[in-house]
Each structure stands twice: as structure tokens, then as C-alpha cells.
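One structure is given here, and the rest of the page talks about it.
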Amino acid sequence: ADARARGDQRLESQALTNLGIVFMREHDYDRDTQCFDAALKQAEEVHDLRESAIALENLGVLAHLRGDIGEALRRYHAALAALKTLGNKHMQARAAQNLAELHLLLGDVERAASIIEFIGHLDDGTLPPEVVGEGLLLRARLSIDEGELHQASRFLERARSIYRKVDDEARLAEVALVSGQLELKRSDIGAARAALDLVGQLFDVRRAAQ
């Protein structure tokens, strides 16, 4: 009976997380927070680290969207700690990428570089292409901040190749956006404008396909 009850709570945690993701996509940030909080509570009661980590990461995303950076960092760190215990490299990489992005936004280049290096150690050839591409985008942004512009260009080209293969217009738009930042750093206004025009074109294509 106890095992069945624990199984029911795991399923309820998963269902609450899925419902929270639906509300997040609808920008209903009150109800999705309630769902993720409830999912975390259920998962912690049955000591389910995986479901706890998923709920924590989603709560981190919500805090990030609200601009509560301190809360986002706390949630992401807690999620990553749980995932390290589990040893799930794919999920570790995604949580670490969220952390690295926050530190880049905060201008903490040294901390971001350390986390990006950690992500690199996770890539043993089994990470999904979109996760590898996101890591390359982070490396490109870090390289731009550090003034390593040629290296940033190489990372962007590799990310672009990955996202073309999986036909991901949203990520290709992100590559174009970061490329625009790179060209601005090079003081090439024409190339920067072309990159930003491409962002608009890719989003037009995406909207037309919806």
C-alpha cells in the first residue's frame, strides 16, 4: 500500500508539472507557480529527486521571467544539485545552461565561464543536438564578452549548423541575434543589420507556419 501511495504521488507530481508547463505557455504565471510548488511538495514527500529537480528548474525559469534573479539562482542551484546526485547528464546540462545564462546577464563572466566549462565536461557525445547547440551559443556569448571574436564566430557557425539540421527556426533566430551582437562588437554595422534582419525573417516564417 505504501509503495502504491508513493507511486501515486510521483504520478501526481508529474501531472502537476505538465499542467504547470501548459499554464507557463499560456503566460498564466500564478497558476503555473502553484502547480510547480505543488509538484515539488509531492516529489519531496516521496524523495523523488528527478521530479523535484524538474519542478525546481521550472520554478527557476518562472523566477527568471519575473526578474527575481536571486530566487532563480537559488532554484537552479538546487535543481542542479539534485541532478548531480542522479547523474543525468542531459538534465544537468540544461540546468547548468540556465545558470550560466543568468550569470552572463549579471555580468559575472568568471562564474559563467566556470559553469560553461562544467557543461563541456558533460558532453560525452550523448547529449541531444539542441542541448549541444545551446552550449555553443553560451560559449559564443562568453567569447564575445571576453573579446574573443574569432572564437565566438566559430561557435556560432557550429550552433547554426546544428539548428539547421533539426530545422529549429527559433534557435536559428537566436544564433542570428548573437551574430548581430558579434558584428556590433566588430563595429560592422552593415553585417549587424543583416543579422538582425534575419532574426525578423525567421520569426515571420515561424509565425506563418503556426
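The values are calculated or read from the model by the stated rules, or taken from the named source; none is laboratory data. The model shown is predicted, which means the values in this text are computed figures rather than measured ones. Neighbour counts are summed over all protein chains in view; Cβ atoms, including those assigned to glycine, are modelled from backbone coordinates with ideal geometry. Side chains included, ligands, DNA and RNA excluded: accessible areas come from the protein's heavy atoms. Shrake-Rupley method; radii C 1.70, N 1.55, O 1.52, S 1.80 Å.
You will find that of 22, 61, the residue that is of a type in the set (A, V, I, L, M) and surrounded by fewer than 14 Cβ atoms within 10 Å (Cβ to Cβ) is 22 and no other. Cβ-Cβ contacts under 8 Å between residues 6 or more apart (or on different chains), taken from a first residue in segment 92-111 that is open to solvent by 50 Å² or more (accessible area, probe 1.4 Å) and at pLDDT 90 or above to a second residue that is acidic (Asp, Glu) and in a helix (DSSP H, G or I), are listed as 94/57; 94/134. Entry remark, segment 177-210: residues being modelled with pLDDT of 85 or more, over 15 Å from residue 157 (Cα atoms) and of a type in the set (D, E, K, R) number 2 in total. Here residue 109 meets each of (1) under 21 Å from residue 137 (Cα atoms); (2) touching a Lys or Arg at 6+ places or on another chain (Cβ under 7 Å) with one exception, condition (2).
Taking the criterion of being farther than 15 Å from residue 74 by Cβ and either of a type in the set (S, T, N, Q) or in a helix (DSSP H, G or I) (or both), the residues of segment 97-114 that qualify are 97, 100, 101, 104, 105, 109, 110, 112, 113, 114.
Of the residues making up segment 11-43, those that are assigned to a helix (DSSP H, G or I) and more than 19 Å from the chain's Cα centre (by Cα) number 18.
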